[in-house]
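Visitor: A single structure is presented below for examination.
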Amino acid sequence: MVSKKPLVFVTRRLPDVIETRMRELFDTRLSASDTPLTSSELGAAMKQADVLVPTVTDRIDAALLASAGEQMRLIANFGNGVDNIDVAAALRRGITVTNTPGVLTEDTADMTMALILVVARRLVEGAKVMIEGDWPGWSPTWMLGHRITGKRLGIIGMGRIGQALAQRAKAFGLSIHYHNRRRVAAAVEAELEATYWESLDQMLARMDIVSVNCPHTPATYHLLSARRLKHLRPQAIVVNTARGEIIDENALTRMLEAGDIGGAGLDVFEHEPAVQPKLLKLARRGRVTLLPHMGSATNEGRIEMGEKVIINIRTFMDGHRPPNRILPSML
Ligand code: 8YV
């Protein structure tokens, strides 16, 4: 007897090799247009599909989950962060949620390090001068940025990505500081020569560069609030490749406008894809570099993310616990 293939609904275009393999393995419905689905389109998909493969652009809240069909059993998120999904509501509804950890660690850490360098050394401003043909010629006092070596980097969130960033930053001669829910193992701290700060406020007041590398959860929403941002030193640089919601974007923008901090490198925003217009204006003037959420945007990473999604679906459909199952207690 041939067993029925699960109906897998994929909300966005994925790498060709992944889509092809999914078509071989499952009864897969692919996205032809790659446009983000509306809530009612998502709801319609969840009424038919056994498995949903969403991305960060799909908001799957309790109301959508409540209207999902009885057959819907698995949400295999194409992404590491699951803040787009109400995981507790999914579980109550008997739907398992999985993610794709580990395979975007190095790429995201690279992008974070790149943003640190870009902002500190004014790379976008320099590149713009060249593109626009405006180079007046070398000068001893023109386009000066700040040295990275010898500075203090405060990492908020010392998980996989935070640690990968720390390794890179250490090689650049930065001294590593971190704040995390839990202190990491002594051996990891020793290897990274990292200093732990239980108090985020105290750490912020002493850093030259602050990087946000924690997940977005209810506990980390506006972790860098207006009050906390005030602790930063006037030359401090803030970098965020995690989630926009972790920083109070309006408060950060006000501080940048007032010149109360040195600069910012942001790959994520509070209301993506909308970006606060004042931030865009600051980016045109330099010292602020904005990127369109591309921390994990490598061909290799996106294929490995897709492979994780397939493994999670296959394992689940074979009746086993999928390797990347998410439980509310993990968030
Ligand atoms: C992904 C990310 O591109 O995986 C994550 O958490 O932030 C991104 O790097 C995106 O989430 C894909 O859904």
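The values are calculated or read from the model by the stated rules, or taken from the named source; none is laboratory data. Everything quoted here is computed from the prediction, not taken from an experiment. Heads up, the Cβs are rebuilt from the backbone with ideal geometry, glycines too, and the neighbour counts pull from every protein chain shown. All accessible areas refer to the heavy atoms of the entire protein, side chains included, with ligands and DNA or RNA removed. Shrake-Rupley method; radii C 1.70, N 1.55, O 1.52, S 1.80 Å.
Visitor: Whole-Å semi-axes of the chain's equivalent ellipsoid, largest first, each the root of 5 times a Cα gyration tensor eigenvalue? Before the final figure, lay out each step's value.
Guide: Values: eigenvalues 298, 96, 69 Å².
Largest first, the chain gives 39, 22, 19 Å.
Visitor: Something else about it: Considering only C-alpha atoms, what is the centroid distance from segment 241-296 to segment 105-167, in Å?
Guide: Using only Cα atoms, the two centres lie 15 Å from each other.
Visitor: Using the alpha-carbon atoms, what tilt in degrees (0 to 90, nearest 10) does helix 160-171 show relative to the longest principal axis of the chain?
Guide: Helix 160-171 sits at roughly 30 degrees to that axis.
Visitor: While we're here: Per DSSP H run of n ≥ 4, the term is -39500 (n - 2.57); total these for the chain, divide by its residue number, and report the mean residue ellipticity at 222 nm rounded to 500 deg cm²/dmol.
Guide: Numbers: 13 runs with 122 residues, N = 331.
Roughly -10500 deg cm²/dmol at 222 nm, from the helical runs in the chain.
Visitor: For segment 1-131, with the dipole built from +1 on Lys and Arg beta-carbon atoms and -1 on Asp and Glu ones, taken about the Cα centre, which of PRO54, PHE9, PRO36 lies farthest toward the positive end?
Guide: The listed residue farthest towards the positive side: PHE9.
Visitor: Within the chain, count lysine pairs with alpha carbon atoms under 25 angstrom apart where the residues are 8 or more positions apart or belong to different chains.
Guide: Eligible lysine pairs with Cα atoms under 25 Å apart amount to 11.
Visitor: Continuing with the same structure: Counting only C-alpha contacts under 8 Å and six or more residues apart, can you give the relative contact order of segment 105-290 as a whole percent?
Guide: Working: 334 pairs, mean separation 39.9, N = 186.
Rounded, it is 21 percent for segment 105-290.
Visitor: Continuing with this model, one more query. Could you tell me what percent of the DSSP beta bridges with both partners in the chain are antiparallel, to the nearest 5? Walk me through the numbers on the way to the answer.
Guide: Numbers: 2 of 38 bridges.
Percentage antiparallel, nearest 5: 5.
Visitor: Give the peptides 229-240, 268-279 in descending order of average Cβ contacts within 10 Å, highest first.
Guide: Details: 229-240: 20.6, 268-279: 15.2.
Put in order of decreasing packing, that is 229-240, 268-279.
Visitor: Let me check against my output: what whole-number percent is the relative contact order of segment 24-166, with C-alpha pairs under 8 Å and at least 6 apart?
Guide: Working: 144 pairs, mean separation 24.8, N = 143.
Here the relative contact order equals 17 percent.
Visitor: For the Cα atoms of the chain, what angle does the longest principal axis make with the long axis of helix 105-120, in degrees from 0 to 90, nearest 10?
Guide: It is inclined by approximately 30 degrees.
Visitor: Roughly how tilted is helix 299-317, in degrees to the nearest 10 and between 0 and 90, from the longest Cα axis of the chain?
Guide: Between the helix axis and the principal axis of the chain, the angle is about 30 degrees.
Visitor: While we're here: Percent of accessible area on the chain owned by carbon and sulfur, 1.4 Å probe? Provide the component values of the computation, followed by the final result.
Guide: Details: 8810 of 16410 Å².
That fraction is 54 percent.
Visitor: Based on DSSP, what percent of beta bridges with both residues in segment 105-290 are antiparallel, to the nearest 5? Could the numbers behind the result be given before it?
Guide: Details: 1 of 25 bridges.
Counting only bridges with both partners in segment 105-290, antiparallel ones make up about 5 percent.
Visitor: Still on this structure, please answer the following. Counting heavy atoms of the protein chains only and a 1.4 Å probe, report the per residue accessible area for segment 105-290 as a whole number of Å².
Guide: Numbers: 9280 Å² over 186 residues.
Value for segment 105-290: 50 Å² per residue.
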